[in-house]
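> Have a look at this one.
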Amino acid sequence: MPGHGRGQLFGERTFEDLDPVATDFAARFVRAGAAERAELREELVSLCLPFAGRVARRYRGRGEAFEDLEQVARLGLVKAIDRYDPLRGSFTAYAVVTISGEIKRHFRDRTWGVHVPRRMQDLSLEVMHAVMALTAELAHRPTAAELAAHLHLPESVVLEALESAACYSPASLNAPAEPDGSTEFGEQLGGADLELEAVDDKVTVAGLLSRLPDRERQMLAMRFYGNRTQAEIAEALGISQMHVSRLLSRALGWLREAMLSDALPRWEGANGPETHSIRITVAHAEGVLVVRVQGEVDRDTAGRLRMSLRHAVSVAGGDRVVVDLAAVPLVDAAGVAALVDAASAAAVAEAELALTGAQPHVAGILKVSGLEPLLAGGR
């Protein structure tokens with residue numbers, strides 16, 4: 001201090017007990033002027049610095065550098081000197097409480113590597129103290145259940161506190177994982193994302209799905225997103241399981257071709273004729289009106305077949321009406337209903353109606369639908 005050596009205001013002695021010097025300081029501080037008060041305060045701080053260091057040493061070995069703890073203790077010492085009131089008791093006791101509180105506050109607010117709520121910080125410290133106490137008592141590291149019983153807390157709360165304690169000093173991702181320091185912990189985390197290459201394909205497929213007809217899009221969603229079987233899809237849509245299989249195969253084939261080609265293929269060009277269209281031709285030959293059907297007869301095409309057959313029956317007169325099904329690979333419930341409607345119309349018009357050329361699968365469907373007499377008539 002300018003103009004003064006250490007101990008000039010309080011003598012040349014070193015003080016182990018701070019109470020006499022603090023009392024002397026308080027008495028002289030009241031009578032001193034502003035300049036002398038600053039000198040008194042500075043000298044008292046200098047005299048008490050070793051005391052602050054002794055308090056700081058109590059907290060060594062807790063993961064914080066002693067130099068930092070000593071600085072925090074000195075800050076607490078200055079606060080104790082500025083707030084000291086000799087009428088309230090011992091300065092030494094007050095300084096210990098103030099310095100210790102400052103150090104604990106430092107541990108609470110500055111040394112946690114990850115932010116943890118104050119309640120959990122205090123509980124973590126309490127649990128760690130209990131761990132040390134029970135380890136000495138039980139001769140082994142206590143379990144969560146033993147800690148919970150000792151602290152009269154739920155076991156889940158103790159487990160949460162133990163996990164929070166790990167946040168005090170988290171390991172660095174840049175810490176060496178090998179003795180030679182060639183690898184860091186961060187380099188061992190994660191791995192190759194095997195799905196990354198599929199991102200482009202998923203985006204492309206999403207765009208292609210929007211170009212499919214509504215029914216095919218619905219079936220694909222039910223099969224691959226809803227995890228429903230072909231039989232369940234058939235029941236929901238009112239078509240046969242075989243029809244579902246054919247439509248799914250056709251839609252997937254078109255998607256596959258679209259994914260592998262630069263230009264978008266025509267929907268009907270992916271696997272032959274367009275799915276939702278049939279071709280119906282009518283020809284007269286020797287008293288027989290032949291109605292040839294080509295394509296699948298399903299919910300989308302049955303209406304057209306129904307109208308064509310009704311028209312054929314109405315114009316047949318006395319001629320026999322023969323429906324040629326040789327080019328029909330599939331008939332669903334709607335197609336069967338159209339043929340039954342044609343048979344009813346023929347009965348009302350007193351015209352002969354026959355079904356011929358049906359493929360085995362289609363013939364089986366027609367037989368179980370009550371149309372077997374018409375198949376026999378077509379032979």
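Every number in this text was worked out from the coordinates using simple rules, so none of it is lab data. The model shown is predicted, which means the values in this text are computed figures rather than measured ones. Cβ placement follows ideal geometry from the backbone for every residue including glycine, while neighbour counts extend to all protein chains displayed.
> Given +1 on the Cβ of Lys and Arg, -1 on the Cβ of Asp and Glu, and no further charges, what dipole in debye does the stretch 279-377 carry about its Cα centre, rounded to the nearest 20? Can you show the working numbers first?
Details: 8 positive and 11 negative charges, 32 e Å.
In debye, rounded to 20, the stretch 279-377 gives about 160.
> Oh, and also: Using a simple spin-label model with points 7 Å from Cα along the Cα→Cβ vector, what separation in nm is obtained for ALA177 and GLU155?
Going by the 7 Å Cα→Cβ label model, 3.4 nm.
> Take the alpha-carbon centre of the stretch 210-241, take the same for the stretch 28-104, and report the distance between them in whole Å.
80 Å
> Amide H of GLU184 versus every other amide H placed in the peptide plane: which residues, excluding those fewer than 5 positions away on the same chain, fall under 5 Å?
ALA177
> What share of Cα pairs, in percent, lie more than 21 angstrom apart in the stretch 198-269?
26 percent
> Rounded to the nearest 5, what is the percent of antiparallel bridges among the DSSP beta bridges in the chain? List each step's numbers first, then the result.
On the way: 8 of 19 bridges.
Approximately 40 percent, going by the DSSP bridge assignments.
> Can you give me the three principal axis dimensions of the stretch 157-258 from its C-alpha atoms, in Å, biggest first?
Sorted from largest, the Cα extents of the stretch 157-258 read 65, 39, 20 Å.
> Right, next: May I ask you to compute the full-extension gain from GLU36 to GLU163, defined as 0.36 nm times their residue separation minus their alpha-carbon distance, rounded to one decimal in nm?
On the way: separation 127, 0.36 × 127 = 45.72 nm, distance 5.35 nm.
Length difference between fully extended and current span is 40.4 nm.
> Using modelled amide H (1.01 Å from N, peptide plane; none on Pro or chain starts), what sits under 5 Å from the amide H of ALA327, excluding residues fewer than 5 places away?
Here the answer is VAL293, since their amide H atoms fall under 5 Å of that of ALA327.
> Can I ask one more? In square nanometres and to one decimal, what's the mean projected area of the convex hull around the Cα atoms of the stretch 18-110? All intermediate terms of the calculation are to be shown ahead of the outcome.
On the way: hull surface 24.1 nm².
Average of the hull's projected areas for the stretch 18-110 equals 6.0 nm².
> Under a point-charge model restricted to the Cβ atoms of Lys and Arg (+1) and Asp and Glu (-1), what is the dipole moment magnitude of the chain relative to its Cα centre, in debye to the nearest 20? Intermediate results must be reported in sequence, preceding the final value.
Working: 41 positive and 52 negative charges, 156 e Å.
The calculated dipole for the chain is roughly 740 debye.
> So, one more: With Kirkwood radius over Cα pairs in Å defined as stated, name the option among (1) 20.9; (2) 31.0; (3) 23.2 computed from the structure displayed.
Step by step, Kirkwood radius over Cα pairs in Å for this structure corresponds to label (2).
> What does the convex hull of the Cα atoms of the stretch 58-160 come to per residue, in Å³, rounded to a whole number? Present the calculation step by step, with values, prior to reporting the outcome.
Numbers: hull volume 14.7 nm³, N = 103.
Roughly 143 Å³ of hull volume per residue.
> Which peptide among 306-312, 71-77 comes first, and what is the full order, when sorted by highest mean count of other Cβ atoms within 10 Å?
Details: 306-312: 18.6, 71-77: 21.0.
Those peptides, ordered most packed to least, come out 71-77, 306-312.
> Same structure, new question: If each of LEU208 and TYR225 carries a label point 7 Å out from its Cα toward its Cβ, how far apart are those two points in nm?
1.7 nm
> Rounded to the nearest 0.05, what FRET efficiency do LEU196 and THR356 have when you use their Cβ-Cβ distance and R0 = 51 Å?
Details: r = 57 Å, r/R0 = 1.12.
Step by step, r from the Cβ atoms, then E = 0.35.
> Also, I was wondering about something else. Mind checking the full-extension length gain between ALA93 and ALA337? Use 0.36 nm per residue of separation minus the Cα-Cα distance, one decimal, nm.
In short, 77.7 nm is gained.
> So if the hydrodynamic radius of the stretch 220-371 is defined as the Kirkwood radius over C-alpha pairs, what does Stokes-Einstein give as its diffusion coefficient at 20 °C and 1.002 mPa s, in µm² per second? Mind showing how you got there, number by number?
Working: Rh = 16.8 Å.
Value of D from the Cα-based Kirkwood radius: 128 µm²/s.
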